[in-house]
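The values are calculated or read from the model by the stated rules, or taken from the named source; none is laboratory data. Quantities reported herein were computed from a predicted structural model and do not represent experimental measurements. Cβ placement follows ideal geometry from the backbone for every residue including glycine, while neighbour counts extend to all protein chains displayed. SASA here: full protein model, heavy atoms, side chains in, ligands and nucleic acids out. Shrake-Rupley method; radii C 1.70, N 1.55, O 1.52, S 1.80 Å.
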Amino acid sequence: MQKVAVLGAGLTKFSRRAKETGKELAFYAAKMALEEAGLEIDDIDAVVCVSAPDAFDGVHMKGEYLSDGCGASKKPFMRSYVGGGSGVFGIINGWYHIASGHFNTCLVVAEEKMSSSMPHPQGIFNAIYDQFLERPLGVNLLWIFSLEMQRYMSVHKIPLETIALVAVKNKKNGLDHPCAQEGIPGNYTVEEIVNSEIMCWPVTRLMVSPVTDGAAAIVLASYDFAKKFGKDVIWIEGVGWCLDTSYWTNRDLYYPRYVEYAARMAYEMAGIKDPKKEIHVVEPYDPFAYKELHHLEGLLLAEKGEAPKLLEKGFWDRDTENGIPSSPSGGLLGVGNPIAAAGLMKVIEIYWQLKGKAGKRQVKREVKRGLAQAWGDLMQVGTVVILGK
Amino acid sequence: MKERVAIIGIGYTQLKPISPEVSFREMIYEAAVKAYNDAGIEPKDVDTFVAISEDYYEGTAIFDEYVPDQIGAVLKPVHTITQDAITALAACVMQIKTGIFKIAVLEGHSKASNIVYPSHIDAFALDPILVRPLGFNPIFLAGLEMQRFLIETGNTEYHTSLVVLKNKRNALKNPIAAYPGEISIDDVLSSNPVSLPLKELDISKKADGAFVIVLAKESIAKKLVDKPVYIEGIGWLQETPNIERRDFVNAIYLQGAANMAYREAGIKNPLEIDFAEIDDTFSYKELQHIEALGIARFGESGIMLEEGYFDFDGAIPINVSGGSLGCGNLHDANSLRGIVEAVLQLRNEAGERQIENAEIGLVASWRGIPTASGGVVILSNRE
């Protein structure tokens with residue numbers, strides 16, 4: 001297997017109602033990533049694009065539509081798709097392009113333009129449910145999350161105030177992110193989070209990530225190609241993904257076993273025995289406040305039910321000395337959530353943390369290895385990538 | 001030499017114009033069970049799964065959700081490729097070549113009969129700002145391209161009609177085909193105009209069906225089955241999504257994809273292949289693709305077709321399965337049907353339509369209007 005290196009990354013400003021088309025957003029991100037890597041588009045052998053439902057942009061065959069914005073004209077182009085987990089899956093897709101020995105370089109672009117769905121993307125989320133059994137109920141994503149959140153809270157007896165702490169932490173971290181969406185990060189108190197409008201009890205407005213447009217891109221290269229860039233290259237050490245059954249009603253929602261399976265696959269590939277000691281910084285997917293804790297447990301970085309307790313102790317804070325900083329970027333709650341682009345944003349944050357380029361967001365403890373994770377479909381898929389120096 | 005990847009199992013359903021008696025899940029389940037039996041494995045032996053789907057065709061946002069159960073992939077690495085089967089096959093091949101995965105499964109299906117207004121769906125694939133507001137039916141693009149192709153290459157409507165005749169006749173020998181038939185040139189030429197010179201019978205009709213194939217690396221394939229079919233070369237390419245900037249004469253996407261596949265397979269002259277399954281969503285597309293693949297020189301595909309080169313008993317039989325014109329248009333699963341046909345031919349299991357001594361087969365795909373992307377895969381049974 002070829003070793004795969006990350007050479008550069010690009011990220012657009014996250015915003016709602018971006019004036020740019022999806023193609024333009026993809027172009028900006030791709031251009032930035034190529035500039036950081038010091039490459040031209042002609043140096044790229046293959047292009048991978050990820051984006052969540054076509055219905056957001058209102059474009060059928062969205063991959064085809066975005067391809068020229070991603071720089072894929074007259075190149076092998078592939079769009080992979082695992083719903084909300086697509087962002088992190090993009091780098092996995094790019095990884096196997098290179099690890100297989102087929103290509104030397106690969107550009108991975110993630111784009112999402114959610115605001116074009118009117119009046120609100122939650123309407124589109126109705127179309128992800130089963131046509132016969134669930135869709136007629138008029139359900140959306142908030143509804144399913146409130147079920148999962150209640151189950152998680154009742155099994156481990158977690159108070160709502162503890163879950164709100166995730167939003168407090170991430171929205172504060174997001175203040176230092178130059179790409180953060182206007183009005184999303186901020187200094188909030190637990191009371192403000194808990195007392196914001198109830199969307200679907202117990203989910204409140206400030207525990208939900210916003211509707212965002214944005215794009216992210218990353219340049220991958222083979223060992224031979226990356227050697228030219230010297231010692232300071234960041235490598236992909238492990239990848240993992242896993243899809244659970246579509247019948248979500250038949251599962252116990254308190255624990256994301258699909259995330260655990262995906263994490264175990266990635267740990268095995270990276271040769272990690274004890275993730276709690278060997279992972280130094282983590283970006284778990286946090287579209288909803290409780291999700292970050294849920295995923296930290298799935299990633300085996302905390303025992304079942306232990307993540308909220310560690311949160312209260314500041315174990316996941318950015319300036320922790322002996323904990324594991326979690327979502328130092330601000331995550332989806334603090335930066336914004338253009339679904340696929342948000343997943344790749346998390347990978348890029350790990351890359352910048354390892355490079356020491358995260359600026360004000362740089363974590364205090366020394367980092368040699370970091371993990372990014374995304375999640376999607378009907379609370380069903382886990383995608384995990386481990387980067388290391 | 002690097003270890004090759006082999007196809008060790010295939011499963012497929014009957015193709016039908018409509019299929020109200022089964023859901024997409026039941027269709028896929030039938031194909032999956034057949035494929036696993038064919039390969040002599042259980043789903044638990046599979047390391048990674050890839051599925052093909054497009055949300056708008058399925059009528060579901062994030063169709064990836066509904067993939068795992070019916071193929072036995074629950075709690076396994078599964079992902080969707082929203083492209084044609086050859087690109088998705090490349091995803092399987094690359095995963096196996098990383099060395100992490102030993103056995104991979106590829107699933108593709110069509111439930112086109114559920115789509116009430118297919119042209120409305122296709123219109124959503126047009127650029128939403130510059131092109132879609134013009135409000136035309138996307139099939140118009142095929143008529144436009146056909147016109148340009150015929151004028152530039154000197155091929156005629158007689159030749160495109162011959163493609164329809166040949167493929168529908170070939171389909172008579174294919175038990176799974178949905179639209180076989182014996183028709184005349186006049187039938188095609190006098191069929192209803194759609195977007196002239198494109199006529200009703202030049203267009204492949206939609207069909208329902210499901211396909212599943214099992215892949216493994218060479219060393220494992222040899223242990224599991226007697227007749228593995230090897231993937232010698234694979235290529236895929238995007239030309240441009242902008243219809244304004246596209247080459248309406250040559251299939252640039254297929255030229256590029258073919259070059260990539262020929263290089264990997266070590267094929268110097270395209271005439272080394274024994275047969276081909278080539279996209280024929282529209283009759284003229286088969287001729288355009290034959291020229292793009294280098295099987296015929298520019299402008300000569302029509303004459304060669306007329307002389308019988310591409311017939312069942314010709315030098316390079318093309319679409320002996322009946323192609324999309326004879327079997328039905330399955331959207332992105334079209335090329336998976338082609339791959340299954342190639343596997344049957346290379347295993348010497350194609351029954352009445354068996355090509356003698358077939359050793360190398362080629363499958364070429366196009367994603368349909370309004371795209372300009374496609375793929376090529378070269379398969380062989382050579383040890």
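Could you give the alpha-carbon Rg of chain B over 2.2 N^0.38 Å, rounded to two decimals? Please list the in-between numbers first.
Working: Rg = 19.4 Å, N = 383, 2.2 N^0.38 = 21.1 Å.
Computed over Cα atoms of chain B, the ratio equals 0.92.
Give me the net charge of residue B:199's neighbourhood, meaning all other residues with Cβ under 11 Å from the Cβ of residue B:199; Lys, Arg count +1, Asp, Glu -1.
On the way: positive: none; negative: B:157, B:187, B:200, B:202.
Neighbourhood net charge equals -4.
Post the alpha-carbon centroid distance, the stretch B:1-51 to the stretch A:2-48, in whole angstrom.
Between the Cα centres of the stretch B:1-51 and the stretch A:2-48 lies a distance of 36 Å.
Are there GluC sites (Glu not before Pro) in the stretch A:286-338 that DSSP marks as loop and that have at most 10 other Cβ atoms within 10 Å, and which are they? Show your work: numbers first, answer last.
Details: sites: A:292, A:297, A:303, A:306, A:312, A:321; in loops: A:303, A:306, A:321.
Hits after loop and neighbour filter: A:321.
With point charges of +1 on the Cβ of Lys and Arg and -1 on the Cβ of Asp and Glu, referenced to the Cα centre of chain A, which listed residue (A:87, A:5, A:363) lies farthest in the positive direction of the dipole?
Result: A:363.
Using the structure shown, select from A:273/A:304; A:62/B:34; A:31/A:357; A:3/B:102 the pairs with a Cα to Cα distance greater than 24 angstrom. Please list the in-between numbers first.
Details: A:273/A:304 18 Å; A:62/B:34 33 Å; A:31/A:357 18 Å; A:3/B:102 19 Å.
Among A:273/A:304; A:62/B:34; A:31/A:357; A:3/B:102, the Cα-Cα distance tops 24 Å for A:62/B:34.
Suppose every K and R has +1 on its Cβ and every D and E has -1 on its Cβ; what is the size of the dipole of the stretch A:250-389 about the Cα centre, in Debye to the nearest 20?
Numbers: 21 positive and 18 negative charges, 97 e Å.
Magnitude of the dipole: close to 460 debye.
So what does residue B:366 come to for accessible area, using a 1.4 Å probe and Å² rounded to 10?
Its heavy atoms expose roughly 10 Å² to the probe.
Need one number: nm distance between label points at residue A:277 and residue B:297, each 7 Å from Cα along Cα→Cβ, rounded to one decimal.
So the two model labels end up 7.2 nm from each other.
With +1 assigned to the C-beta of every Lys and Arg and -1 to the C-beta of every Asp and Glu, and no other charges, what is the dipole magnitude of the protein assembly as shown about the Cα centre in debye, to the nearest 20?
On the way: 77 positive and 99 negative charges, 489 e Å.
Using Cβ point charges on Lys, Arg, Asp and Glu, the protein assembly as shown gives about 2340 debye.
How many nm is it between the label spots at residue A:312 and residue A:182, if each spot is 7 Å from the Cα in line with the beta carbon?
Placing both labels 7 Å beyond Cα along the Cβ direction yields 4.0 nm.
Find, among the GluC sites (Glu not before Pro) in the stretch B:27-77, those assigned to loop by DSSP (not H, G, I, E, B) with at most 11 other beta-carbon atoms within 10 angstrom.
Working: sites: B:30, B:54, B:58, B:65; in loops: B:54.
Here no loop site has a sparse enough neighbourhood.
In the P(r) worked out for the protein assembly as shown, what percent of Cα pairs fall beyond 38 Å? Write down the numbers at each step before the final one.
Values: 105101 of 297606 pairs.
Taking all Cα-Cα pairs of the protein assembly as shown, the fraction more than 38 Å apart is 35 percent.
At 7 Å along the Cα-to-beta-carbon direction for both residue B:200 and residue B:129, put a label point, then send me their distance in nm to one decimal.
Distance between the two pseudo-spin positions: 4.1 nm.
List the residues, sorted by chain then number, that are 5 or more residues from residue A:79 or on another chain and whose placed amide H is less than 5 Å from its amide H.
Result for residue A:79 returns A:49, B:82.
Gap in Å between the Cα centre of the stretch B:249-303 and the Cα centre of the stretch B:112-140?
Here the answer is 28 Å between Cα centres.
Report the charge-dipole magnitude of the stretch A:151-291 in Debye, nearest 20, computed about the Cα centre from +1 at each Lys and Arg Cβ and -1 at each Asp and Glu Cβ.
Its charge dipole is roughly 340 debye.
In the stretch A:149-175, whose amide N lies under 19 Å from the spot 7 Å out along Cα-to-Cβ of residue A:365? List them in ranges.
Backbone N within reach: A:166, A:169-170, A:173.
Rank B:62, B:89, A:61 by how far each Cα sits towards the positive end of the charge dipole of the protein assembly as shown (+1 on Lys, Arg Cβ; -1 on Asp, Glu Cβ) and give me just the farthest.
Final value for the positive-end residue is B:62.
Please list, or write none, the aspartates and glutamates whose alpha carbon is within less than 17 Å of the alpha carbon of residue A:389, excluding same-chain residues fewer than 8 places away.
A:224, A:232, A:237, A:278, A:283, A:349, A:366
If one computes the Cα centroid of the stretch A:73-93 and of the stretch B:186-221, what distance in Å separates the two points?
27 Å
For a quick check of your reading of the filter: which trypsin sites (Lys or Arg not before Pro) in the stretch A:123-181 sit in a DSSP loop and have no more than 13 other Cβ atoms within 10 Å?
Here the trypsin sites (Lys or Arg not before Pro) that fit, given the DSSP loop and packing criteria, are A:157.
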